[in-house]
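> Quick one: the structure is below, and I'll ask about it shortly.
The values are calculated or read from the model by the stated rules, or taken from the named source; none is laboratory data. Here the structure is a predicted model, which means the values were calculated and not measured. As a convention, Cβ positions derive from the backbone with ideal geometry for all residues, glycine included, and neighbour counts pool all protein chains shown. For accessibility, only protein heavy atoms count, side chains too; no ligands or nucleic acids. Shrake-Rupley method; radii C 1.70, N 1.55, O 1.52, S 1.80 Å.
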Amino acid sequence: MGATLILPGLNGSAEGHWQRHWARDDASATIVRQSSWSRPVLGEWLQALESELERVGDAWLVAHSLGCLLAAHLADRPAARHVKGAFLVAPCDLERTERLHPGVIDFGAMPANPLPFRSLVVGSRDDRYMDFARLRRYAACWGSELHDLGHAGHINIESGFGRWREGYQLFSAFAGRIGHRPQGACSRRVSFVR
């Protein structure tokens, strides 16, 4: 299947978070390290991701929260050519996240350009970091499929997501669909996977 790059959000993914389990369970997975998890700066985070993509070549992205916005910021950058697909879990709304964590995030504007790679957004109807209507809108902007997990909070430790076997299954099904489509056959409309 190739390399998997894991992109945590603000404050990284604490021990016990599903992304930490994923990194241990999947020998091809690497957590992309950032210079500061607690004070994210878009330029620095992008540089770390792009360096890792150049190092590993083609890779899958498995992102959570602010990590999803990092992946979406690749839309117009040369390193996007290395992305096989992106699994975007609980993307955060930058405005709302900045209100919840004032003065901490320097991440520019909310990315809204279509992604040049296939993507699946997995979201929740009661995520305090992004309401579901906005989640739908950004999934459409990015050209992503959308999977509705129902009432699952921010899909993190706090909402009960440690080792997340359903996440592995969702990702495998998504990656399988990409593997069976000719290159360039990506649709720019949102489809709902339930």
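> Residue pairs, Cβ under 7 Å, 6 or more apart or interchain, first in the stretch 63-86 and under 10 Å from P116 (Cα atoms), second polar (S, T, N, Q). List them.
These pairs meet every condition: A75/N113; D76/N113; G85/S119.
> Kindly provide the set of residues from the stretch 23-48 that are open to solvent by less than 50 Å² (accessible area, probe 1.4 Å), under 17 Å from G103 (Cα atoms), assigned to a loop (DSSP other than H, G, I, E, B) and not small (G, A, S), ordered by number.
The answer is P40, and nothing else.
> Sticking with this structure for a sec: How many residues are more than 12 Å from P91 (Cβ to Cβ) and either within 15 Å of the chain's Cα centre (by Cα) or among the small types (G, A, S) (or both) if we restrict to the stretch 126-147?
Matching residues across the stretch 126-147 total 5.
> Filtering the stretch 106-123 down to residues that are part of a loop (DSSP other than H, G, I, E, B), open to solvent by 20 Å² or more (accessible area, probe 1.4 Å) and in contact (Cβ under 8 Å) with a residue 24 or more places away in the chain, which residue is nearest to W60 (Cα to Cα)?
R118
> Taking the stretch 124-182, which residues are charged (D, E, K, R), open to solvent by less than 50 Å² (accessible area, probe 1.4 Å) and out of contact with any strand residue (DSSP E or B) (no Cβ under 8 Å at 6 or more places or on another chain)?
Matches in the stretch 124-182: D127 only.
Each row is one residue, and each column tells you yes or no for (1) at pLDDT 95 or above; (2) of a type in the set (K, R); (3) over 26 Å from L170 (Cα atoms).
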| position | (1), (2), (3) |
| --- | --- |
| E15 | no, no, no |
| A27 | no, no, no |
| T30 | yes, no, no |
| V41 | yes, no, yes |
| E44 | yes, no, yes |
| Q47 | yes, no, yes |
| E50 | yes, no, no |
| V56 | yes, no, no |
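> Of the residues F161, F171, which single one is at pLDDT below 95, of a type in the set (F, W, Y) and assigned to a helix (DSSP H, G or I)?
On inspection, the qualifying residue turns out to be F171.
> Residue by residue through the stretch 60-79, note down the ones that are surrounded by fewer than 23 Cβ atoms within 10 Å (Cβ to Cβ) and either among the aliphatic types (A, V, I, L, M) or touching a Phe, Trp or Tyr at 6+ places or on another chain (Cβ under 9 Å) (or both).
Across the stretch 60-79, the qualifying residues are H73, A75, A79.
> Within the bounds of the stretch 80-103, is there any residue that is of a type in the set (D, E, K, R), closer than 26 Å to S172 by Cα and exposed (fewer than 15 other Cβ atoms within 10 Å of the Cβ)?
yes
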